[in-house]
There are 2 protein chains.
Amino acid sequence: MSFQEKIQNKWDQKKFLCVGLDPVFEKLPKHLHRKSPKQAFTQFLTQIIDRTADIVCAFKPNSAFYEAYGAHGWEALEYVCSYIQAAYPDIPIILDYKRGDIGNTNHGYVESAFEQLQVDAVTVQPYAGKESLTPFLEQTDSFIFVLVKTSNPGSGEFQSLELDDKKLYEVVAEHVAVEWNTKGNCGVVVGATYSEELKRVRTIIGDMPILIPGLGSQGGTVKDIVTNALDSKKQGIIVNSSREVLYASNGTDFAEAARSKAQLLSDTITKEL
Amino acid sequence: MSFQEKIQNKWDQKKFLCVGLDPVFEKLPKHLHRKSPKQAFTQFLTQIIDRTADIVCAFKPNSAFYEAYGAHGWEALEYVCSYIQAAYPDIPIILDYKRGDIGNTNHGYVESAFEQLQVDAVTVQPYAGKESLTPFLEQTDSFIFVLVKTSNPGSGEFQSLELDDKKLYEVVAEHVAVEWNTKGNCGVVVGATYSEELKRVRTIIGDMPILIPGLGSQGGTVKDIVTNALDSKKQGIIVNSSREVLYASNGTDFAEAARSKAQLLSDTITKEL
């Protein structure tokens, strides 16, 4: 199944929550601290996955948290991806790695994501332009989320620069919607922390999917997201939460606490629909 | 020694060539094809390193070529970095990984580059702004090259957009020079394929280092680089060549052929000075 088919199935079941699989060794439950990071990560995350799988629309590992542990971290990432694929083949995996090299070199990142890890979708950087991302864009069975407006407080430094009557992030969103999405495999990333920008981007891109990080810890609210980001079918959003779910408890009940938190967030989203 | 000290020593010896350590299994000499990618990469690259070490100012592995082989690729990258550090501690390593997540998450990439791989410098994406890159910028012992004008044919899509009387890449260069470089640990990346832009960026950033990819295979010439990119001390450039050096021969003489090519490129640079 393609990413688009997998995510559509989840949306049809009114599932819009994505759980970010971003392990931080120091934040893991104490009983896992005796293990190696690789062992601790895989034990922690497989339990999180098992207890949230029926709630989420997607899982989103962010490569930075694994790379921090070098090759062992990559082994943990490989394990987590293959675990999801084996146990929950209907749940899409979005690899949040924000890559963006020039053409020739991007083949390595395409290989890494779609052949080695076999994820369904990735996040990429827009700065080098469409031509540089050709190796990604020609992957018709996979999906590409392009950074448009990032959730961090200082994202406006360049993204909100004015070009004639538009801001840079609006120009990027337009290019992605009009010129990059010719094969129907593009979406965008817009932070939950910027409601006005979410609304603007939705107007620009029509019914393309929006991956929305920044809920909770970073300050975005479900109400803002639902009000501003839904597409014409009242779908089209992938709302990510990482820390709030993963670290809902640091006791042995962590997976159950993560489930409760995920359920609460998911219910909050569907209630606002 | 800091990156700045290491590179200054090399510049003082009139060394400006950087060899990009970008292994592609299919392009390796035939006698290495029987080995695993990890074995083939480390055997190939350690010989390239040994035969070019006295010519170069830096080595630049690009993470994409290693990640293509997952955890095994990362092991090869770890090996290559530790080999250079042990055998040639005076040669700086620039990890070309073009990362750029938001603040909290960048700690993983900082850890990966400066603690795990212990490289001297990295390349990063500007799109999320200075605030997002704080975990990098506060690494005063390390060095950060920010993408300003990439070498690919389509890099103008956003980088050449007009904002009042400036282009986006000029604004990025200005921000990096004036606001980001408060700890003196920033440089920029400008492709050899864009002479006018190289000249503009040099005017904007003063004597900050410029990492210049795109020589040779991509079409940039040494004359263009030297004419446009030198700083006020006739230094300040790191001119990268990858494919032309690495794959100068695909026989058993590959390391000697790489040395000859590197020597030729280095001589061409010093002759133009």
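The values are calculated or read from the model by the stated rules, or taken from the named source; none is laboratory data. Here the structure is a predicted model, which means the values were calculated and not measured. With ideal geometry, Cβ positions are generated from the backbone for all residues, glycine too; neighbour counts draw on all protein chains shown. Accessible surface areas use protein heavy atoms only, side chains included; no ligands, DNA or RNA. Shrake-Rupley method; radii C 1.70, N 1.55, O 1.52, S 1.80 Å.
Quickly estimate the mean residue ellipticity at 222 nm for the protein assembly as shown, helices only: each DSSP H run with n ≥ 4 gives -39500 (n - 2.57), and the total goes over all residues, rounded to 500. Write out the running numbers ahead of the final one.
Details: 24 runs with 230 residues, N = 546.
-12000 deg cm²/dmol, from helical runs alone.
Total accessible area buried between chains B and A, 1.4 Å probe, in Å² to the nearest 100? Heavy-atom accessible area buried at this interface is about 4600 Å².
Partners of B:Lys6 within straight-line reach, counting aspartates and glutamates whose Cα lies under 13 Å from its Cα and excluding those fewer than 8 residues away in the same chain: B:Asp90, B:Asp120, B:Asp141. Counts of other chain beta carbons within 10 angstrom of each beta carbon in peptide A:18-24 average 1. Helix A:3-12 axis versus longest C-alpha principal axis of chain A: approximately 80°, rounded to the nearest ten.
Inter-chain Cβ neighbour count for A:57-64, averaged per residue, equals 3 (cutoff 10 Å, partner chain atoms only). Projecting 7 Å from Cα along the Cα-to-Cβ direction, the label point of A:Glu26 sits 4.4 nm from its equivalents in the other copies, listed shortest first. Among residues other than B:Asn152 with Cβ under 11 Å from its Cβ, the summed charge is -1 (Lys and Arg +1, Asp and Glu -1). Here is how far apart the A:Ser160 label points are across copies: 2.9 nm, shortest first, using a point 7 Å from Cα toward Cβ.
Counting only aspartates and glutamates at least 8 places from B:Lys38 when in the same chain, those with an alpha carbon closer than 20 Å to its own are A:Glu67, A:Glu75, A:Glu78, A:Glu111, A:Glu115, B:Asp22, B:Glu26, B:Asp50, B:Glu67, B:Glu75, B:Glu78, B:Asp96. Positive contributions from Lys and Arg (+1) and negative ones from Asp and Glu (-1), summed over other residues with Cβ under 9 Å from the Cβ of A:Ala64, come out at -3.
Kirkwood radius, region A:46-107, all distinct C-alpha pairs, inverse of mean reciprocal distance: 12.8 Å.
In this structure, the pairs whose alpha-carbon distance is over 25 Å, taken from A:Lys166/B:Lys98; A:Lys130/B:Lys166; A:Lys98/B:Lys130; A:Lys27/A:Lys60, are A:Lys166/B:Lys98.
Taking the longest Cα principal axis of chain B as reference, the axis of helix B:254-272 is set at about 30 degrees.
Amide H contacts under 5 Å for A:Phe143: A:Ala121, A:Val122, restricted to partners 5 or more places along the chain or on a different chain, H placed in the peptide plane at 1.01 Å from N. Restricting the calculation to Cα atoms, region B:1-131 shows an Rg/Rh of 0.98 when the hydrodynamic-style radius is the Kirkwood one. Pairs from the list B:Lys233/B:Lys271; A:Lys10/A:Lys271; A:Lys10/A:Lys35 with a Cα-Cα gap above 24 Å: A:Lys10/A:Lys35.
Derived scalar couplings between HN and Hα for region A:178-187 equal 8, 10, 8, 8, 5, 9, x, 10, 10, x Hz in order, rounded to whole Hz, by the Karplus curve 6.51 cos²θ - 1.76 cosθ + 1.60 (θ = phi - 60°), x for Gly and Pro. For the residues B:Lys14, B:Lys233, B:Lys30, a GNM of chain B with alpha-carbon springs under 10 Å puts the largest fluctuation on B:Lys233. Across the alpha-carbon set of the protein assembly as shown, the Rg to Rh ratio works out to 0.97, Rh being the Kirkwood radius. Three semi-axes describe the equivalent ellipsoid of region B:106-157; taken as square roots of 5 times the Cα gyration tensor eigenvalues and ordered largest first, they are 23, 13, 9 Å. Compared with the dominant principal axis of the Cα atoms in chain A, helix A:195-205 is inclined by about 60°. Relative to the 2.2 N^0.38 Å rule of thumb, chain A has a C-alpha radius of gyration ratio of 0.96. Taking θ as phi - 60° and the Karplus parameters 6.51, -1.76 and 1.60, the scalar couplings of region A:36-47 work out to 5, x, 4, 5, 4, 4, 5, 5, 5, 6, 5, 6 Hz in sequence order, x denoting glycine and proline. Computed 3J(HN,Hα) for region B:14-20, one whole-Hz value per residue from the Karplus formula 6.51 cos²θ - 1.76 cosθ + 1.60 where θ = phi - 60°, is 6, 9, 10, 7, 10, 9, x, glycine and proline marked x. Between B:Ser242 and B:Gly20, the built amide H atoms are under 5 Å apart, and every one of these is 5 or more places off in sequence or on another chain.
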